[in-house]
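The values are calculated or read from the model by the stated rules, or taken from the named source; none is laboratory data. Note that the structure is predicted; figures quoted are calculated from it, not measured. Neighbour counts are summed over all protein chains in view; Cβ atoms, including those assigned to glycine, are modelled from backbone coordinates with ideal geometry.
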Amino acid sequence: MDVSRRGFLKLSGISIAALATGLGFDPKVAEAKGYSLRIEGSKKIPSICHFCSGGCGMLLHVKDGKLIHLEGDPDNPVNEGTLCPKAASLSSVAYAPHRPTKPKYRTPGAKDWVDISWDEALDRIAKKMKEVRDTTWKATEQVTDSKTGQTQNLTVNRTEGMVFLGSAEIDNEECYILKKLSQVVGSPYHEHQARI
Ligand code: SF4
């Protein structure tokens, strides 16, 4: 008998299903059992996917401080238990072996990046921000009225050497802090990654 590859797979599926039914094996029960074994002993934490502005609800199952399973939240009215592939692969973002977990610094002219401590990174950023702010600070700006042609000096108090860039990857609280920081520093340039 000639059996194509597709036909073979079909026949195998039918045979396995027939065997399972014959032995009183219910795949649905096995699936439910597998699910409860997978999340056994974990803590269920409701969360929101941060990948896009859809705001889909997720249930994170955490055991010993590690995410062991995630799924769509059926009670969330936005996604009603579904998740797109981006969110479904979230654990690989958290545990990807190549994910940088330390700040890196490359000396001017050097070829390689080296790990530095968070304290050193924050000190460097703060020093650089102060330097840029001081050298690019603008207290006033001369503005000409297009109707009257009259020119006057207006107080603007801003730094023109710094730009803040938002991201679809940051949540509401992070957006709030970022916006506050840009205003405290005096930068009027605040863009979002999606417009670039
Ligand atoms: S699950 Fe997909 S659609 Fe929903 S918020 Fe995340 S990335 Fe957006």
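One residue alone among Val156, Val132 is surrounded by 11 or more Cβ atoms within 10 Å (Cβ to Cβ) and touching a Gly at 6+ places or on another chain (Cβ under 8 Å), and that residue is Val132. Can you name the residue in segment 29-53 that is surrounded by 13 or more Cβ atoms within 10 Å (Cβ to Cβ) and modelled with pLDDT under 85 and is also farthest from the ligand (Cβ to nearest atom) among such residues? Ranking the candidates gives Ile39 first.
I'd like the full set of residues that are surrounded by 15 or more Cβ atoms within 10 Å (Cβ to Cβ) and of a type in the set (Val, Ile, Thr), limited to segment 63-81. First the steps, then the outcome.
Of the residues in segment 63-81, the ones surrounded by 15 or more Cβ atoms within 10 Å (Cβ to Cβ) are 67-73, 76, 79.
The one that is surrounded by 15 or more Cβ atoms within 10 Å (Cβ to Cβ) and of a type in the set (Val, Ile, Thr): Ile68.
When Ala96 is tested against (1) surrounded by 14 or more Cβ atoms within 10 Å (Cβ to Cβ); (2) within 24 Å of Ser167 (Cα to Cα); (3) at pLDDT 85 or above, just one condition goes unmet, and that condition is (1).
Would you confirm whether any residue within segment 164-183 is within 30 Å of Lys86 (Cβ to Cβ), touching a Gly at 6+ places or on another chain (Cβ under 7 Å) and not in a strand (DSSP E or B)? The answer is yes, given that some residue of segment 164-183 is within 30 Å of Lys86 (Cβ to Cβ), touching a Gly at 6+ places or on another chain (Cβ under 7 Å) and not in a strand (DSSP E or B).
Scan segment 29-63 residue by residue and report those that are out of contact with any helix residue (DSSP H, G or I) (no Cβ under 7 Å at 6 or more places or on another chain) and in contact (Cβ under 8 Å) with a residue 60 or more places away in the chain.
Answer for segment 29-63, where residues must be out of contact with any helix residue (DSSP H, G or I) (no Cβ under 7 Å at 6 or more places or on another chain) and in contact (Cβ under 8 Å) with a residue 60 or more places away in the chain: Ile48, His50, Cys52, Ser53.
Filtering segment 107-121 to residues that are surrounded by 12 or more Cβ atoms within 10 Å (Cβ to Cβ) and not in a loop (DSSP other than H, G, I, E, B) leaves Asp115, Glu120, Ala121.
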